[in-house]
Amino acid sequence: MSDSKTPSTEIGPVDGSELATTDRFADPGVPEHKPRLTDTDPKAAARSERIVTILFVLSVLGTIGSLVAYFAVRPDGTVPGVRASTLWLGVTLAISLLGIGFAAIHWAKSLMSNREYVDERHPIPSSPEVREVAVVALQQGVEDSGIARRGVLKGAMLGSLALFPLAVAVPLISSVGDDWNVSKFRHTLWRKGMRLATDPDGRPLKAADLTVGSVAHMMPDVSTEVRESGEWISEKAKAVILLVKLDPEDIRSEQRPGSSYDGIVAYSKICTHVGCPVALYDQQTHHLLCPCHQSTFDVADGAKVVFGPAKRPLPQLPISVDDEGYLIAEDDFAEPIGPSYWERLR
Amino acid sequence: MKALAARRHHRAAPVVLLLMALLAVGGVYAAFAPSPAQAATASTADIETGKKLFQANCATCHGPSAEGTDIAPSLVGVGAAAVDFQVSTGRMPMAMDGPQAPAKPPQMNEEQTAALAAYVASLGAGPAIPTDDQVDPTQGDAAEGMALFRTNCAMCHNAVGAGGALSSGKAAPSLMNTSDRNIFQAMETGPGPMPVFNDAVITAEGKRDIIAFLTEQDKGSAGGNPLGGLGPVAEGLWAWVLGLAVMIGGAVWIGAKSS
């Protein structure tokens with residue numbers, strides 16, 4: 001208010017006495033009531049009434065229709081069957097509900113009174129007499145309970161009430177922070193000598209079977225019991241790798257002995273940005289693209305980041321082959337897979 | 001000879017002669033007629049036709065004897081499957097250079113494609129064109145196919161095979177209208193930017209399962225119009241544009257005074 005007042009007194013005419021009365025808008029009051037067509041023309045009112053009735057009747061038909069549709073068009077398990085059932089239920093329910101809605105609003109707008117009435121606000125506090133009676137009643141209650149005299153009782157009550165929330169809070173917080181062992185982010189299921197198995201069918205893969213340009217999505221070759229355990233899904237989520245067979249001449253990054261085998265390289269499939277599975281591999285450019293934020297890694301060059309928000313290259317899994325020619329892991333990843341976290345140190 | 005001559009009036013002589021004549025004709029026919037097994041493999045004539053077609057249509061980029069040049073890869077050892085995929089989908093011969101060869105109406109008819117495939121297959125061993133049995137979706141398991149598709153294909157080709165964009169102007173094409181044979185061949189040979197999924201990575205049965213899963217998608221979605229199967233982009237567009245317009249319209253109608 002003061003903002004609008006200050007400039008008006010400054011730029012207004014020198015004679016400020018008039019302005020003092022006009023710096024607030026006058027209450028325009030309730031606008032003049034204009035009769036609607038339905039107020040003046042009985043024919044129009046009858047027509048409106050008819051429309052509202054028709055809308056309600058439509059809604060009744062829709063309700064009946066939805067019941068008929070529910071029993072007559074059952075989803076029989078086939079795609080067209082499910083679709084027909086959903087469609088008929090949806091259409092009839094829409095008619096049923098929209099009929100009521102449109103009718104109610106049309107009724108209110110065209111036939112019910114549209115005069116505006118002013119109802120002044122009541123004062124919020126109760127009258128002083130009522131408040132005095134209430135205070136007296138409260139004081140009487142405190143005295144009757146004798147809480148001020150019986151100190152031990154008061155302490156016991158407060159103590160029990162204060163302690164009770166622990167019975168709920170401790171288990172709740174304890175289950176939320178289920179596992180505070182952050183060191184498991186550093187390790188995956190991969191061990192020296194563990195075979196690589198195809199995802200999802202779990203077959204070990206021979207190095208000789210891969211042709212240049214091949215890509216295989218791999219996971220640790222573990223027993224069926226492990227795969228059926230509850231922890232498998234999170235262990236698999238950490239351990240999945242992408243196996244790429246390149247022409248050995250195309251590999252530009254320095255490969256230490258035992259890190260790749262005959263042009264076959266294995267990199268973690270978990271993006272170092274926010275952990276999406278990176279799997280869009282272009283065999284012509286050897287680029288691996290993350291579908292979430294377009295981080296691009298160069299598989300031929302140590303999975304270095306060539307584009308996008310990722311900060312680190314994908315960790316490489318050292319691989320070789322066993323006596324039978326199957327691909328095996330030489331070790332776990334040398335660094336934690338996936339995105340950064342507080343305890344990761346970098 | 002004398003004994004033979006003496007028996008030439010024997011009453012069994014005509015029958016023996018007839019049998020001998022039939023055997024002779026049958027033997028000669030068997031020796032010269034092409035057997036069905038031979039017809040399936042490429043004849044030298046096919047390879048010759050293919051070579052001529054190759055030199056007229058492909059040699060500019062792939063080199064006169066398909067050994068590859070700076071702008072196009074060698075075709076020695078890519079196999080008949082790669083040629084059949086590239087030529088029958090119209091990707092090759094390429095009309096113009098670009099990030100990747102787009103599918104277009106095929107330039108070669110079936111015989112010409114077969115001849116070209118026979119010629120390239122004769123240059124070096126590679127994946128053969130799959131048989132009808134190998135790509136028969138009715139023999140595949142769509143549920144197994146979905147698991148394989150989700151892990152190996154869905155990141156580029158979309159969860160239902162609707163296709164998607166890649167980087168550098170490349171794109172994974174929609175698989176909705178791709179023939180079963182071409183889907184198999186693409187996995188087998190890895191055309192363009194697509195990596196190779198040979199039978200060691202995805203077994204031949206697995207490939208058939210994937211084809212079965214994709215065939216299942218033709219039946220449509222139980223949830224009504226899938227809006228191209230493109231997911232939140234298409235659905236969001238409709239929800240915002242259409243849904244919001246209807247809501248604003250409703251609010252205006254409710255708030256407007258009746259005349």
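Is it true that A:Ala108 is within 30 Å of A:Ser59 (Cβ to Cβ), small (Gly, Ala, Ser) and modelled with pLDDT of 90 or more?
On the way: within 30 Å of A:Ser59 (Cβ to Cβ): yes; small (Gly, Ala, Ser): yes; modelled with pLDDT of 90 or more: yes.
Yes: the conditions hold for A:Ala108.
Among the strands (runs of 3 or more DSSP E) confined to the range A:235-341, the ones with at least 2 residues that are crowded, with 20+ Cβ neighbours inside 10 Å are located at A:241-245, A:264-268, A:280-282, A:287-289, A:296-298, A:327-329.
Based on what the data block shows, is B:Ala165 touching a Cys at 6+ places or on another chain (Cβ under 7 Å) and without any contact (Cβ under 8 Å) to a residue 40 or more places away in the chain?
On the way: touching a Cys at 6+ places or on another chain (Cβ under 7 Å): no; without any contact (Cβ under 8 Å) to a residue 40 or more places away in the chain: yes.
Spelling it out, it is not the case that B:Ala165 is touching a Cys at 6+ places or on another chain (Cβ under 7 Å) and without any contact (Cβ under 8 Å) to a residue 40 or more places away in the chain.
In the set (1) within 10 Å of chain A (Cβ to nearest Cβ); (2) polar (S, T, N, Q); (3) not in a loop (DSSP other than H, G, I, E, B), B:Ser221 fails one condition alone, (3).
What are the pairs with Cβ atoms under 7 angstrom where one residue, in the range B:213-227, is among the acidic types (Asp, Glu) and the other, located anywhere, is part of a loop (DSSP other than H, G, I, E, B)? Sequence gap at least six, or different chains. Filtered contacts from the range B:213-227: no entries. You will find that of B:Lys257, B:Lys207, B:Lys170, the residue that is among the charged types (D, E, K, R), at the interface with another protein chain (Cβ under 8 Å from one of its Cβ atoms) and within 23 Å of the chain's Cα centre (by Cα) is B:Lys170 and no other. Might you check whether a residue that is basic (Lys, Arg) and open to solvent by 50 Å² or more (accessible area, probe 1.4 Å) occurs anywhere in the range B:160-175? Among the residues of the range B:160-175, not one is basic (Lys, Arg) and open to solvent by 50 Å² or more (accessible area, probe 1.4 Å), which makes the answer no.
Which is closer than 25 Å to B:Asp133 by Cβ and surrounded by fewer than 12 Cβ atoms within 10 Å (Cβ to Cβ), of B:Asp218, B:Asp209, B:Asp199, B:Asp180? Break it down into steps so the answer makes sense when it comes.
Details: B:Asp209 fails: surrounded by fewer than 12 Cβ atoms within 10 Å (Cβ to Cβ); B:Asp199 fails: surrounded by fewer than 12 Cβ atoms within 10 Å (Cβ to Cβ); B:Asp180 fails: surrounded by fewer than 12 Cβ atoms within 10 Å (Cβ to Cβ).
Selected residue: B:Asp218, the only one of B:Asp218, B:Asp209, B:Asp199, B:Asp180 that is closer than 25 Å to B:Asp133 by Cβ and surrounded by fewer than 12 Cβ atoms within 10 Å (Cβ to Cβ).
Considering the conditions (1) open to solvent by less than 90 Å² (accessible area, probe 1.4 Å); (2) modelled with pLDDT of 85 or more; (3) within 20 Å of A:Asp332 (Cα to Cα), A:Asn181 is excluded by exactly one of them, (2).
Reported count of residues in the range B:65-90, each being surrounded by fewer than 21 Cβ atoms within 10 Å (Cβ to Cβ) and of a type outside the set (Asp, Glu), is 10. Any chance the range B:144-158 includes a residue that's free of Cβ contacts under 8 Å to residues at least 24 places away in the same chain, under 24 Å from B:Gly231 (Cβ atoms) and in contact with a Ser or Thr (Cβ under 7 Å, 6 or more places away or on another chain)? Checked the range B:144-158: no residue is free of Cβ contacts under 8 Å to residues at least 24 places away in the same chain, under 24 Å from B:Gly231 (Cβ atoms) and in contact with a Ser or Thr (Cβ under 7 Å, 6 or more places away or on another chain). In this structure, B:Gly169 does not satisfy being part of a loop (DSSP other than H, G, I, E, B) and within 26 Å of A:Asp199 (Cβ to Cβ). If the condition is being aliphatic (A, V, I, L, M), open to solvent by 20 Å² or more (accessible area, probe 1.4 Å) and either without any contact (Cβ under 8 Å) to a residue 40 or more places away in the chain or within 24 Å of A:Thr285 (Cβ to Cβ) (or both), then the range A:196-221 contributes only A:Val212.
Whenever a residue of the range A:87-113 is touching a residue at least 60 places away in the same chain (Cβ under 8 Å) and within 24 Å of A:Pro42 (Cα to Cα), its partners that are hydroxyl-bearing (Ser, Thr, Tyr) and part of a helix (DSSP H, G or I), lying with C-beta atoms within less than 9 angstrom and at least six residues away or across chains, give the pairs A:Ser110/A:Thr38; A:Ser110/A:Ser48; A:Leu111/A:Thr38; A:Leu111/A:Ser48. Residues considered: A:Gly90, A:Gly62, A:Gly99. Of these, the only one that is within 14 Å of chain B (Cβ to nearest Cβ) and under 36 Å from the mean Cα position of the chain (by Cα) is A:Gly90.
Suppose the filter is open to solvent by 20 Å² or more (accessible area, probe 1.4 Å) and either modelled with pLDDT of 90 or more or not basic (Lys, Arg) (or both); does B:Met187 pass it?
Values: open to solvent by 20 Å² or more (accessible area, probe 1.4 Å): no; either modelled with pLDDT of 90 or more or not basic (Lys, Arg) (or both): yes.
For B:Met187, the condition - open to solvent by 20 Å² or more (accessible area, probe 1.4 Å) and either modelled with pLDDT of 90 or more or not basic (Lys, Arg) (or both) - is not met.
Filtering the range B:76-116 to residues that are of a type in the set (Gly, Ala, Ser) and assigned to a loop (DSSP other than H, G, I, E, B) leaves B:Gly77, B:Gly90, B:Ala95, B:Gly98, B:Ala101, B:Ala103. Among the residues of the range B:229-259, which ones are surrounded by 11 or more Cβ atoms within 10 Å (Cβ to Cβ) and more than 18 Å from B:Gly163 (Cα to Cα)? B:Gly236, B:Leu237, B:Trp238, B:Ala239, B:Gly243, B:Gly250, B:Trp253, B:Ile254, B:Ser258 - these are the residues of the range B:229-259 that are surrounded by 11 or more Cβ atoms within 10 Å (Cβ to Cβ) and more than 18 Å from B:Gly163 (Cα to Cα).
For every residue, the table says whether it meets (1) surrounded by fewer than 11 Cβ atoms within 10 Å (Cβ to Cβ); (2) under 30 Å from A:Pro31 (Cβ atoms); (3) polar (S, T, N, Q).
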{"position": "A:Thr63", "(1), (2), (3)": "no, no, yes"}
{"position": "A:Thr78", "(1), (2), (3)": "no, no, yes"}
{"position": "A:Arg83", "(1), (2), (3)": "no, no, no"}
{"position": "A:Leu93", "(1), (2), (3)": "no, no, no"}
{"position": "A:Asn114", "(1), (2), (3)": "no, yes, yes"}
{"position": "A:Glu120", "(1), (2), (3)": "yes, yes, no"}
{"position": "A:Ile124", "(1), (2), (3)": "yes, yes, no"}
{"position": "A:Pro128", "(1), (2), (3)": "yes, no, no"}
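Hey, could you check the range A:25-50 for residues that are away from chain B (no Cβ under 12 Å) and part of a helix (DSSP H, G or I) and say which is least open to solvent (accessible area, probe 1.4 Å)?
Here is the first cut: in the range A:25-50, the ones away from chain B (no Cβ under 12 Å) are A:25-30, A:32, A:42-43, A:46-47, A:49-50.
So of that shortlist, the ones also part of a helix (DSSP H, G or I) come out as A:42-43, A:46-47, A:49-50.
Details: A:Pro42: 102, A:Lys43: 160, A:Ala46: 46, A:Arg47: 123, A:Glu49: 112, A:Arg50: 138 Å².
The selected residue is A:Ala46.
Being closer than 22 Å to A:Val244 by Cα, of a type in the set (Gly, Ala, Ser) and in contact with a helix residue (DSSP H, G or I) (Cβ under 7 Å, 6 or more places away or on another chain) is a description that does not apply to B:Gly161.
What are the residues in the range B:173-204 that are more than 10 Å from chain A (Cβ to nearest Cβ), farther than 19 Å from B:Pro106 by Cα and either among the basic types (Lys, Arg) or not in a helix (DSSP H, G or I) (or both), if any? If the condition is that a residue be more than 10 Å from chain A (Cβ to nearest Cβ), farther than 19 Å from B:Pro106 by Cα and either among the basic types (Lys, Arg) or not in a helix (DSSP H, G or I) (or both), then no residue fits. Taking the range B:20-54 on its own, how many of its residues are modelled with pLDDT of 80 or more, in contact with a helix residue (DSSP H, G or I) (Cβ under 8 Å, 6 or more places away or on another chain) and of a type in the set (A, V, I, L, M, F, W, C)? Total satisfying the criteria: 3. Tally time: how many residues in the range A:193-226 are within 14 Å of chain B (Cβ to nearest Cβ), in contact with a helix residue (DSSP H, G or I) (Cβ under 7 Å, 6 or more places away or on another chain) and in a strand (DSSP E or B)? Count: 2.
The values are calculated or read from the model by the stated rules, or taken from the named source; none is laboratory data. Nothing here was measured: the structure is a model prediction, and the numbers come from that model. Please note: Cβ atoms are built from the backbone with ideal geometry, for glycine as well, and neighbour counts cover all protein chains shown. Note: accessible area is taken over every heavy atom of the protein model, side chains too, but ligands, DNA and RNA are not part of it. Shrake-Rupley method; radii C 1.70, N 1.55, O 1.52, S 1.80 Å.
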